[in-house]
Structures are given as structure tokens and as C-alpha cells.
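K.L.:
Mind having a look at this structure? Questions to follow.
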Amino acid sequence: MAWPTVEMTNPMRANSLALRLFFSAAAWTVAILLATGILLSSLYREAVERSFDRRLTVYLRTIVAEITTADLSTERISQTLGEPLFDLPLSGWYWQVSRLSAVRPEGRSSRSLWDKGLPHLDEMGMTATADGTRHGNSSGPEDQQLRIVERIADFGEDGRFRVAVAGDTAEIEDETRSFDRALMITLGALAIVLVLTTAFQVRFGLAPLKRISAGLAAIRSGQAERLVGAFPVEIDPLARETNELLEANREIVERARTHVGNLAHALKTPLSVVINEVGALGNDPATAKIREQTTIMRDQIARHLERARLAARTTVVGTVTDVAPVVTALTRTMEKLHRDRTIAVNVVAPLAVRFRGERQDLEEMVGNLVDNACKWAQARVNVEIVPEQGLAVTARRVVRIVVDDDGRGLSPAERERVTRRGQRLDETMPGSGLGLSIVLELAALYGGHLTLGSAPIGGLRAELSLPAA
């Protein structure tokens, strides 16, 4: 039969999940803000360039309008056009008007251009827009990077003129750089706020999962039987299904115990009748053989039923037992059973130690060990309970129950022999020879083990290691 199990949530995994969610959300936040910053910077630069072009176009149109009313040979075009930089030599802001007709080649330019000239966009292959205006970037006087707006104006009999207005692109760069700096500060502050908000949401959003993890740890340690408390709507189904799984596990174990008991009664009674009937038939070889085989059958049935019963017990989640009261009660009972031999049983049992399993199993294991020690001791038996932590950081705690006697002890070969089922070193001693093998099987079912060695007081040392709560 496959027993249902409940996998306990590891707090370290919960913390790891929280960290992964936090770093993932933070990374996405930074990436989105970075993309947003790049997009906004690009859009702002385009807007600044369009505004710069509109400004140059206004100057261009103003110059064209003045050309229509002025005689370039006798009248001057306004130098500044409302912009003082046109009057400042090599300021980076220039305008230039030149007649394309060979008959009257005169022209005018801003004072800022001094004796220099502007490059011609039409000769550079720049394409004109629908209204005949060309836009482009080029190097100007003093290697300045200029944004130039140029247009060919045809005034009929007055001729054709090339009109160009240029502005220093450093203004665009300064505006864009200033905006990028402000944008970086703003988005940086926003990123910090969003990351802190994400950390807050992850921490408190995963708090119910941490409560479930703590609740499962409490169930495993025997401090609780089910998950209790109110959970958010998203987490409540998980808690409810976990509680139902725990309840189903208990019901299955209880049914298994019932089936084991029923099977024991169904098989043991007929088999006992057969053994009794065979015993009344005499001692001929056939009867002896039947008696031998039926005895083997009885032992095998008892053994497998006991193992099934013990396996059913160990599947119960959250069962713990205080060790000290069980050991103390057993030693007092053993002193009474062996009072004719005046065996003194000394117990060292810390009160805070608990065994992760059922009481009757602990009683069976410790009872067999103490009873065996009392049978072979000369005058004294020592029982000590030692709690300890596993060597690894994540290892479970264990409890060691050490039983020493001052008897003759056992050699290594005898220790190996007595752990076999039904093996006895002295047939004069009462018992079936099943005690130590039962202890071994029970301990193995709980993930523990039994070790036999030499006791400091001269006899046998039996050291039982079991999981602690």
C-alpha cells in the first residue's frame, strides 16, 4: 500500500522565492524605466529640433519678405531680425542672401558671418520640402555645427535669390542634455520608489505563504494538527486543501490499523487451533514437521503484521512523545519485574526531549532494551537520554537513548548474532529472541538505528538513535 505523504514547505525555499520575485520585479522596473527614459529623451530631442527649425524658418520668411520690398544694391536688410546674435561676429547665428542671376550678383549677409560664407544645401544634395525649403546640418565658421534652413526665392524680373539662415546646434544639445539630466534624476527617484514598493509588496504579499510554512513546521513537530487562521482569498484554497490532505492521511492510517487488527484476528485464531491440535497428536516425525512449519507461519504472520502496523504508525504526521516520562515509567516497571535480583536502574533524562513518533513504539523499543539489560546485568543498569543536533546545518535533531549494564557484555560476533530475529545466546533466559530485532525494525521505520558496543561499566551498551521533535 502506498501511503500519502505531505511535503513540508522549506522556509529557505520560501525566502528564495521572495528574493527571486523581488529581483525579477526590480529588474523589470529598471528595464521599463530605462526604455521609457530613452524614448522620452528621443521624443524631446525631436521636439527641440522641430522648434529650432520653426524658429529658423520664421527668420527665413522675414528675410524673404524684406527682399520683396528692398533694393539690395541700395538698401540694407535688417541685421538682427529680433535676434542680437546675428549682430555678434561668429556667434553661430547667421543669415545670408545671394542673388543667383549673373546680371546682378549682389547679396547681403548678417554681421555675425563677418567675411565668411554659409555652405549651400542644394549643392550638397539636400532634398527640398513641398514649399521649396531645405533643412540640413553642416560645419560653419569656426567649425561650429550649424542647423541650416535654405530656400530659393524667385522674384521674377528681380531675379532669383538663395536665402539661408543658420543656428548653432549647441543650443539643441544643451537643451537636450539639460532635459536628460532632469529626466535621469526623476526616473532614478521613481525607480527607487517602485523598487521599495515592490519589496514591500513581495514581503507582505508572501507573508501568508510564510505562515503556511510555519504552520506545516508546527504540524510536523507535533505542536499543531492543522493549519489555522485566516488567509487571503488566493491562499485560502491551498490551506484548506492542505488540511483536508492531513485529515485524509489520518483516516487512511486509521483504516490501515483497523485492517491490520482484523487480519491478525482472522489468521492467528485458526493458526493457534491448528498448533494446539498438532500438539495433541504425539511426537512422530510428521507431527513434528507440521508443528515446526506452523510455528514458522505464526512467527512470519506476527512479524509482517507488526511491520505493517508500525509502518501505518510512522505515516501519521505531527505525532510526538515526551521521552523522559516514558523512560522513567519503564525503568520503574523493570525494577519491579527484576526485584528478586536487586537490579538498580539509574536514569538521566532531560525533560525537554521529545521523540517524533508514537508513545507505544517508544515504549516497545526502550522496554526491550531495558528489559534485556536487566536480564544480563550484575547489579546496575544506566539509562541516559542525550539530545543532539545533526552535523549538517539542515539536518534534523536526534535523541540518543543509551542503555548500559554491568553484565558480561558481548563480543562483536555475538552482537551481530543477537540482532537476528529469534536468535538467543542463552536458552535459560526467558524470552523469544525477538526483542532486539523488533527494536531494529522499529528504529529503521522511524529513520533511526540501534548500535551495540561496550559499556563503560563493563557490560553491553545499546545506543538507540531516533528522530527528535
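K.L.:
Multiply the residue separation of Ile275 and Trp28 by 0.36 nm, subtract the distance between their alpha-carbon atoms, and state the gained length in nm to one decimal.
P.N.:
On the way: separation 247, 0.36 × 247 = 88.92 nm, distance 7.81 nm.
Net length gain for the segment: 81.1 nm.
K.L.:
Oh, and also: In nm, to one decimal, how far is the modelled label at Thr328 from the one at Tyr44, with both set 7 Å along Cα→Cβ?
P.N.:
7.8
K.L.:
Still on this structure, I have one more. Given a Förster distance of 60 Å, report the FRET efficiency between Gln293 and Ala214 from their Cβ-Cβ distance, rounded to the nearest 0.05.
P.N.:
On the way: r = 55 Å, r/R0 = 0.92.
My answer for the efficiency is 0.60.
K.L.:
Next question, about the same structure. Which ordering of Lys268, Lys336 is given by a fewest-first count of other beta-carbon atoms within 10 Å? Kindly include the intermediate steps, with their values, before the conclusion.
P.N.:
Working: Lys268 14, Lys336 8.
Going from least to most buried by this count: Lys336, Lys268.
K.L.:
Moving on. Pop a pseudo-label 7 angstrom from the Cα along the beta-carbon direction at both Lys116 and Val193 and give the gap in nm to one decimal.
P.N.:
4.6
K.L.:
I would also like to ask the following. Please work out the Cα center distance from segment 234-303 to segment 115-142, rounded to the nearest Å.
P.N.:
Answer, in whole Å: 104.
K.L.:
Calculate I(q)/I(0) for segment 146-278 by the Debye formula, one identical point scatterer on each C-alpha and no solvent, and give its log10 at q = 0.15 Å⁻¹ to two decimals.
P.N.:
Ignoring solvent entirely, the Cα scatterers give -0.95.
K.L.:
When the chain is fully extended, how far beyond the present Cα-Cα distance does Ser138 get from Ala344, taking 0.36 nm per residue of separation?
P.N.:
Details: separation 206, 0.36 × 206 = 74.16 nm, distance 10.95 nm.
Full-extension gain reported as 63.2 nm.
K.L.:
Separate question: Please give the contour-minus-distance gain from Met184 to Phe200: 0.36 nm per residue of separation, less the Cα-Cα distance, rounded to one decimal in nm. Let's see the in-between values first.
P.N.:
Details: separation 16, 0.36 × 16 = 5.76 nm, distance 2.39 nm.
Using 0.36 nm per residue and subtracting the Cα-Cα distance, I get 3.4 nm.
K.L.:
Check the straight Cα-Cα distances from Lys289 and name the lysines below 26 Å, setting aside those fewer than 8 residues away within the same chain.
P.N.:
Hits, sequence-local ones excluded: Lys268.
K.L.:
OK, next. Determine, for Ile385, Ile401, the number of other Cβ atoms within 10 Å of each Cβ, and report the residues in order from fewest to most. Let's see the in-between values first.
P.N.:
Working: Ile385 23, Ile401 26.
Taking fewest neighbouring Cβ atoms as first place, the list is Ile385, Ile401.
Just so you know, all these numbers are worked out from the coordinates, no wet-lab data involved. Note that this is a predicted model, so its numbers are computed, not measured. Cβ sites come from the backbone with ideal geometry, for glycine too, and all protein chains shown count toward neighbours.
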